[in-house]
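Working notes, structure below.
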Amino acid sequence: MKSVLTAALGLAGVLLIGNARAGEKGTDVKLDKYTSKTPATWQAQEIEPKLKKFRTHQFKVPGTEKGHDAELVIFSFGGGGGSVDQNIDRWKKMFRPPEGKTHDDIAKVDTFKVGDIKITYLDISGTYEFRNPPFDPNAKLEKRPNYRMFSIYFDSEDGPYFIRMTGPAKTMEHNKKGFDEWLKNFK
C-alpha cells in the first residue's frame, strides 16, 4: 500500500510540475552559462537549415499593427565576428540617416554590465537598408523607411553573441521595455 501511495504522490507531483511548466510563458534563451526568459509574446521561430551555422535563436516579435512585426535574431560565430567597434560601425551603416544628419545623429550607444557580462547596446533609427541574401552584392538592396534596430554585443566567455532586433519604429518602441528587461535578466 505504501508503494502505491508513493507512486501516486510521485505521479501527482510530475503532473503538477508539468502543468506549471505548460502554463509558463516565454522561452528560455541560454547563451553560455547565462539564461533569460523572453517576454511571453515573442514567438520562437525555426531557423532555416542554411542559417543554423551562425544563428542560435530567432523570434518574431509582434507588431502594434498586423504585418508590422519585428524580428529578433541571435548570432554566434564561434568566438569570431569582429570587435565591438567593427560591429557598431557595420550596424550603423545598415541605416541611412535623413538628409543633413549623420549616423551618429541617429544612433545611441550604451555600455553596461549584466552580472559579469559586458554589454554594448546600439539603438538606431532611420531607413533600414539590407540585401537578401546578406553579403550578396548582386542581391537587390531593400529599403525600409521609419525602422529601428537594437543591436547588442554580448561579450561572454564563449562569445561574443550578437543580438539584433529590427522592425518598424512604432513596433520597436512598443517592445523596448520588454527587450531591455529580457536583456538585463540574463543570469
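Structure data summary
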quantity: Selection count, region 158-181, where residues are over 14 Å from the mean Cα position of the chain (by Cα) and without any contact (Cβ under 8 Å) to a residue 40 or more places away in the chain; calculated: 1
quantity: Condition check for residue 165: in contact with a Lys or Arg (Cβ under 7 Å, 6 or more places away or on another chain), on the phi < 0 side of the Ramachandran plot and either modelled with pLDDT under 95 or not polar (S, T, N, Q) (or both); calculated: no
quantity: Single unsatisfied condition, residue 98 versus (1) in contact with a Gly (Cβ under 7 Å, 6 or more places away or on another chain); (2) surrounded by fewer than 18 Cβ atoms within 10 Å (Cβ to Cβ); (3) touching a residue at least 40 places away in the same chain (Cβ under 8 Å); calculated: (3)
quantity: Test: residue in region 104-126 that is closer than 22 Å to residue 37 by Cβ, small (Gly, Ala, Ser) and in contact with a strand residue (DSSP E or B) (Cβ under 9 Å, 6 or more places away or on another chain); calculated: yes
quantity: Exclusive hit being in contact with a helix residue (DSSP H, G or I) (Cβ under 6 Å, 6 or more places away or on another chain) and of a type in the set (Gly, Ala, Ser), set 125, 156; calculated: 125
quantity: Pairs with Cβ under 9 Å, 6+ apart, first in region 146-157 and touching a residue at least 60 places away in the same chain (Cβ under 8 Å) and closer than 21 Å to residue 80 by Cβ, second part of a strand (DSSP E or B) and basic (Lys, Arg); calculated: 151/164; 153/118; 154/118; 155/118; 156/118
quantity: Every residue from region 115-162 that is out of contact with any Ser or Thr (no Cβ under 6 Å at 6 or more places or on another chain), hydrophobic (A, V, I, L, M, F, W, C) and at pLDDT 95 or above; calculated: 119, 124, 150, 152, 154, 162
quantity: Unmet requirement for residue 141, which otherwise passes all of (1) surrounded by fewer than 19 Cβ atoms within 10 Å (Cβ to Cβ); (2) in contact (Cβ under 8 Å) with a residue 24 or more places away in the chain; (3) over 20 Å from residue 54 (Cβ atoms); calculated: (2)
quantity: Residue satisfying all of: in region 26-80; of a type in the set (Asp, Glu) and closer than 20 Å to residue 180 by Cβ; surrounded by the fewest Cβ atoms within 10 Å (Cβ to Cβ) among these; calculated: 28
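The values are calculated or read from the model by the stated rules, or taken from the named source; none is laboratory data. Bear in mind that the values here come from a model prediction, so they are computed numbers and not experimental data. For neighbour counting, all protein chains shown are included, and Cβ atoms are generated from backbone atoms with ideal geometry for every residue, glycine included.
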